[in-house]
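The values are calculated or read from the model by the stated rules, or taken from the named source; none is laboratory data. The structure displayed is predicted, hence computed values, not measured ones. With ideal geometry, Cβ positions are generated from the backbone for all residues, glycine too; neighbour counts draw on all protein chains shown. Accessible surface is based on the protein model in full, side chains and every heavy atom, while ligands, DNA and RNA are left aside. Shrake-Rupley method; radii C 1.70, N 1.55, O 1.52, S 1.80 Å.
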Amino acid sequence: MPQLRVAMAQVDTTVGDLDGNVAVILDWTRRAAQDGAHLVLFPETAVTGYPVEDLALRTSFVDASRRAVGRLARRLADDGFGDVTVVVGYVDRVGEDARPGAGGPRRLPQNCAAVLHGGRVVARYAKHHLPNYGVFDEYRIFVPGDDLLVVRVRGVDVAVAICEDLWQDGGPVQMAGDAGAGLLAVLNASPYERDKDDVRLELVARRAAEAGCPIAYVNAVGGQDELVFDGDSLVVAAGGTVLARGPQFREALVVTDLDLPAGVTTPGWEEHVQRVTVTADAVPAYEPRASEVLQPLPDVAEVHGALVLGLRDYVRKNGFRSVVVAVSGGIDSALVASLACDAIGPENVLGISLPSGYSSQHSRDDAEDLANRCGFEYRQYPIAPMVEAFLGTVPLRGVAEENLQARVRGTTIMGIANQEGHLTLATSNKSELAVGYSTLYGDSVGGYAPLKDVPKTLVWELSRWRNAEALSRGERPPIPENTITKPPSAELRPDQTDQDSLPPYEVLDAILEDYVEGDRGRAEMLEAGFDATVVDSVVTLVDRAEWKRRQFAPGPKISYKAFGRDRRLPITNRWREPAASASLTPPVDVKTDSPLGQD
């Protein structure tokens, strides 16, 4: 049987940086060629970055993508890699010479793969299935393809598919099997979610059995706005055996040697199958090497890796060099500061303590202890004089006065960021965001929110894990133990704790998982055993806080349903769960001016 050395390059590209992405592809092709690869696979739309969203609707962008692919093919040949077959994702359009009805109207954008060899684009494939759920809206911007591409590489017939083509029954997978493909190469930009690696592996194994051939599944890695791509590229045999598996959350070249059947000779013309011979002769026999099969990270370590990568790439790709965090001595700001140090180094992190008259001494001490443990620059600016000056001009009382403290903090931290060029990190978590337990233009200010999709109970898990990880490496734990163990508090009034206004977080997070991620109604949650009064209170808060969530910073998605593009609900909305005690009053700015929670 012919042999083929396949290299999957899980690389980190940036949306719109076509020249930079081409340089990345050239560099990793060089590494693959030096490793003896015959076929090199890159992720979905690696040339343009993913997701391109409405950039695909601009003729200028699609033209630039097409030119970049042609330039890439020529550069590969000029650099001495023209004999290597490279498959890479990019954005193209339905061709002027397309068959009537093939792929829809002409000149509309398509999510494509290009096969490069000998300085030319020798074949192209357009994605068939365009996802239109969750964070995806490809059906809105792309036109689907309908032909299967089978390229003969070193005597082996390799079929090509793109991401969602694998998730849908039939289509390119079945066509690849019917066409007698020896290998199915799938280019992916599949975002990270908790436990998704297990789902992907099961899917790839099932599809490999259906196609009757191994599948090489290459996935992107890196952060793009609120998405994190985790790599975890796979090669799975038709029988389900994992032949190779790459790392998570870092760029890598995943190389495997495969024994594959020789290409088939198909008489006549096959409808919707495009066959292109790139190299007909098989590779002379060689000694195969053992492939690396890495195991996925444990759950909490995996989440930590996703948060660090998402934060690092958001800072780097948006041109920032440093971040500023308001460190209160509480668990959320401590974890955010620790994540920032892991992502970009403590020398690029500024922590600022902004104590008020209600800030406890232990919180001030914990904030300073955090800075000493992590090694970032630490400053303290007491806000009481600023709050008193404001109240001397504009008399506020009660909740408005409490929230003024948070807004003075927000103004201060943003002013310093503006003056010194930092990116401000918001510290609110998903539980707070769900029920509106944060002050708009106060502790919710920031350009990026690392904990936006992290429920409070997971904040504690991550903090404990990070400290244990440090101890296992002989390092000092970054987060003070007192910060982890003390009751959480906004400290906007004497002796305040979160549980004055909210259910215990383990109860709150369980309800939120059902209501937000599971889309379960009140009756279903009561059947699950939740207290009716607590359910009604939490549901009311979640429904009323939609307007605040719309104004919140982006943050990395780690769950099945993150706030934002995953969960799209109207702000002006009078629907309430039947029998729930929610009122139909207009939205209010809440941190204590609602039945539960604090603005």
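Here are the numbers for this structure:
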{"quantity": "Matching residues, segment 509-552, being part of a helix (DSSP H, G or I), within 16 Å of residue 456 (Cβ to Cβ), open to solvent by less than 30 Å² (accessible area, probe 1.4 Å) and of a type outside the set (D, E, K, R)", "calculated": "511, 512, 515, 516, 538, 541, 542"}
{"quantity": "Criterion violated by residue 291 - all others in (1) farther than 24 Å from residue 472 by Cα; (2) within 21 Å of the chain's Cα centre (by Cα); (3) of a type in the set (S, T, N, Q) satisfied", "calculated": "(2)"}
{"quantity": "Single unsatisfied condition, residue 164 versus (1) among the acidic types (Asp, Glu); (2) at pLDDT 95 or above; (3) more than 27 Å from residue 342 (Cα to Cα)", "calculated": "(2)"}
{"quantity": "Of all residues in segment 343-365 being within 30 Å of residue 15 (Cα to Cα) and in contact with a strand residue (DSSP E or B) (Cβ under 9 Å, 6 or more places away or on another chain), the one that is surrounded by the fewest Cβ atoms within 10 Å (Cβ to Cβ)", "calculated": "347"}
{"quantity": "Unique match (being at pLDDT below 95 and either under 23 Å from the mean Cα position of the chain (by Cα) or not basic (Lys, Arg) (or both)) among 338, 359", "calculated": "359"}
{"quantity": "Selection from segment 445-465 of residues that are over 21 Å from residue 485 (Cα atoms) and either buried (at least 24 other Cβ atoms within 10 Å of the Cβ) or outside the structural domain of residue 410 (by the TED database) (or both)", "calculated": "445, 446, 448, 449, 450, 452, 453"}
{"quantity": "Subset of segment 373-398 that is charged (D, E, K, R) and part of a helix (DSSP H, G or I) - its residue that is most open to solvent (accessible area, probe 1.4 Å)", "calculated": "388"}
{"quantity": "Answer from 334, 306, 340 - the residue that is open to solvent by less than 10 Å² (accessible area, probe 1.4 Å), farther than 14 Å from residue 556 by Cβ and either among the polar types (S, T, N, Q) or assigned to a helix (DSSP H, G or I) (or both)", "calculated": "334"}
{"quantity": "Any hit, segment 146-156, residues being surrounded by fewer than 24 Cβ atoms within 10 Å (Cβ to Cβ), in contact with a Lys or Arg (Cβ under 7 Å, 6 or more places away or on another chain) and either β-branched (Val, Ile, Thr) or more than 19 Å from residue 218 (Cα to Cα) (or both)", "calculated": "no"}
{"quantity": "Count of residues meeting criterion [part of a loop (DSSP other than H, G, I, E, B) and over 20 Å from residue 226 (Cβ atoms)] in segment 404-435", "calculated": "2"}
{"quantity": "All strands (runs of 3 or more DSSP E) inside segment 206-246 with 1 or more residues being under 18 Å from residue 15 (Cα atoms) and touching a residue at least 40 places away in the same chain (Cβ under 8 Å)", "calculated": "215-219, 221-224, 227-230"}
{"quantity": "Residue list for segment 145-166, restricted to those being in contact with a strand residue (DSSP E or B) (Cβ under 7 Å, 6 or more places away or on another chain) and part of a loop (DSSP other than H, G, I, E, B)", "calculated": "145, 147, 154, 163"}
{"quantity": "Matching entry among 171, 70, 177 (being under 24 Å from residue 24 (Cα atoms), free of Cβ contacts under 8 Å to residues at least 60 places away in the same chain and over 24 Å from the mean Cα position of the chain (by Cα))", "calculated": "70"}
{"quantity": "Tally of residues being within 29 Å of the chain's Cα centre (by Cα) and either more than 14 Å from residue 254 (Cα to Cα) or surrounded by fewer than 19 Cβ atoms within 10 Å (Cβ to Cβ) (or both) across segment 1-41", "calculated": "18"}
{"quantity": "Positions within segment 250-264 being in contact with a strand residue (DSSP E or B) (Cβ under 6 Å, 6 or more places away or on another chain), modelled with pLDDT under 95 and of a type in the set (A, V, I, L, M, F, W, C), in sequence order", "calculated": "260"}
{"quantity": "Which listed residue is closer than 30 Å to residue 461 by Cα, open to solvent by 30 Å² or more (accessible area, probe 1.4 Å) and of a type outside the set (Lys, Arg), from 368, 420, 401", "calculated": "368"}
{"quantity": "Qualifying residue in segment 533-556 (condition: in contact with a Phe, Trp or Tyr (Cβ under 8 Å, 6 or more places away or on another chain) and basic (Lys, Arg))", "calculated": "yes"}
{"quantity": "Options 327, 236: the member that is under 30 Å from residue 409 (Cβ atoms), open to solvent by less than 10 Å² (accessible area, probe 1.4 Å) and either in contact with a Leu (Cβ under 7 Å, 6 or more places away or on another chain) or at pLDDT 95 or above (or both)", "calculated": "327"}
{"quantity": "Residue within segment 261-272 that is farther than 25 Å from residue 171 by Cβ, part of a strand (DSSP E or B) and touching a residue at least 24 places away in the same chain (Cβ under 8 Å) present", "calculated": "no"}
{"quantity": "Failed condition for residue 187, given (1) farther than 24 Å from residue 115 by Cβ; (2) open to solvent by less than 20 Å² (accessible area, probe 1.4 Å); (3) not in a helix (DSSP H, G or I)", "calculated": "(1)"}
{"quantity": "Count - residues of segment 12-43 that are part of a loop (DSSP other than H, G, I, E, B), of a type outside the set (Gly, Ala, Ser) and touching a strand residue (DSSP E or B) at 6+ places or on another chain (Cβ under 8 Å)", "calculated": "8"}
{"quantity": "Of residues in segment 265-287 being touching a Lys or Arg at 6+ places or on another chain (Cβ under 8 Å) and surrounded by 12 or more Cβ atoms within 10 Å (Cβ to Cβ), the one modelled with the lowest pLDDT", "calculated": "266"}
